[in-house]
1. Restricting attention to region 92-109, does a residue exist that is at pLDDT below 90, over 23 Å from the mean Cα position of the chain (by Cα), of a type outside the set (G, A, S) and assigned to a helix (DSSP H, G or I)?
2. Please pick out the residue among T30, T49 that is within 34 Å of the chain's Cα centre (by Cα), among the polar types (S, T, N, Q) and surrounded by 15 or more Cβ atoms within 10 Å (Cβ to Cβ).
3. So which of R144, R134 is within 16 Å of the chain's Cα centre (by Cα), in contact (Cβ under 8 Å) with a residue 40 or more places away in the chain and open to solvent by 60 Å² or more (accessible area, probe 1.4 Å)?
4. Taking the conditions exactly as written (in contact (Cβ under 8 Å) with a residue 12 or more places away in the chain and more than 14 Å from G213 (Cβ to Cβ)), does G194 satisfy them or not?
5. Take the conditions farther than 30 Å from E246 by Cβ, of a type outside the set (D, E, K, R) and exposed (fewer than 13 other Cβ atoms within 10 Å of the Cβ) and apply them to G14. Does it pass?
6. If you go through region 17-27 one residue at a time, how many are outside any helix (DSSP H, G or I) and surrounded by 14 or more Cβ atoms within 10 Å (Cβ to Cβ)?
7. Please indicate, with yes or no, whether at least one residue in region 65-75 is surrounded by 18 or more Cβ atoms within 10 Å (Cβ to Cβ), within 35 Å of the chain's Cα centre (by Cα) and either part of a helix (DSSP H, G or I) or free of Cβ contacts under 8 Å to residues at least 24 places away in the same chain (or both).
8. Could you say which residue among G7, G14 is small (G, A, S) and either touching a residue at least 24 places away in the same chain (Cβ under 8 Å) or outside any helix (DSSP H, G or I) (or both)?
Amino acid sequence: MISRANGSPLEDIGFLARSDHRVAALDALTERPCSRTDLQELTGVSQSTIRRTLRTFEDRHWVRKDGHQYEATQLGAFVAAGMRDVIDRFETERKLRDVWQWLPIEASGFPIEIGSDAVVTVAEIDDPYRPVNRFVSLLRETNRFRFVGFDLGLLEPCRDELSRRIVDGMETEIIDPPRIASYILSTYPEHCSGPRESDNLTVRLHDDLPPYGVAIFDRRIAISGHDPESGTVRVVIDTGAPEAREWAESMYESYRRDSRPLVPELVAE
């Protein structure tokens, strides 16, 4: 049977996307030859369903049959890779869709693709400190910590841990808005005195920081988003992707270049 190629590409996409087992079967056949029984066990569908699927794959020249085994053709492998890319994109979009409102980073050059392997931690009604707890766990695993942006929502709940880690030797640099630095110095003097005396903490000031936070740890970076009305942290997204680190480092350095050292006496005025 000769398949016709005059239909819309969306028809082929729809054919694959309408049933999970079709994507799974084609993916499996790009990895190694499989029998109909192998594919039936893998996908959990009936013999008649997998037989019809394979017949349609053959009609499109996506697979070839060799005895009792089927394997993907080069054309089929090309289609499977493209479909996997599409699925991966939508999986990333679904991760970020409900938290995007807390991350106003449209103009920052943020590479959305890095969300594919990111850990997305969202505050829940019964667990409002989930993002903060995730942030604290990252603090405990790093020897160097840098942060730029809105940090009050994070620093208030985890100030004890941050103060202890700085005193214990964690090299830390934070770029704050002047009003936030002033508030922290005046509200938590006991938490600030130890870190400042340790010489492990550097605070710099910037008048125009983003309304979200970017943290750089030894092995991961994190983006934190907060509710502008309450100041509470709504989401922390962290990843170890090299592209994410490159973006975070570049962003941090751009703000650092335009920042100035903290002078507590001036901030307090």
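The values are calculated or read from the model by the stated rules, or taken from the named source; none is laboratory data. What you see is a predicted model; the values in this text were computed from it and never measured. Using ideal geometry, Cβ is built from the backbone for each residue, glycine included, and neighbour counts are taken over all protein chains shown. Accessible surface areas use protein heavy atoms only, side chains included; no ligands, DNA or RNA. Shrake-Rupley method; radii C 1.70, N 1.55, O 1.52, S 1.80 Å.
1. no
2. T30
3. Exactly one of R144, R134 is within 16 Å of the chain's Cα centre (by Cα), in contact (Cβ under 8 Å) with a residue 40 or more places away in the chain and open to solvent by 60 Å² or more (accessible area, probe 1.4 Å), namely R134.
4. So G194 passes the test.
5. Details: farther than 30 Å from E246 by Cβ: yes; of a type outside the set (D, E, K, R): yes; exposed (fewer than 13 other Cβ atoms within 10 Å of the Cβ): yes.
Here the answer is yes, as G14 does meet what is asked.
6. Within region 17-27, the subset outside any helix (DSSP H, G or I) is 18-19.
Right, trim to surrounded by 14 or more Cβ atoms within 10 Å (Cβ to Cβ) and you get 19.
Qualifying residue count for the region: 1.
7. No, that holds for no residue.
8. Criteria check complete, one pass: G7.
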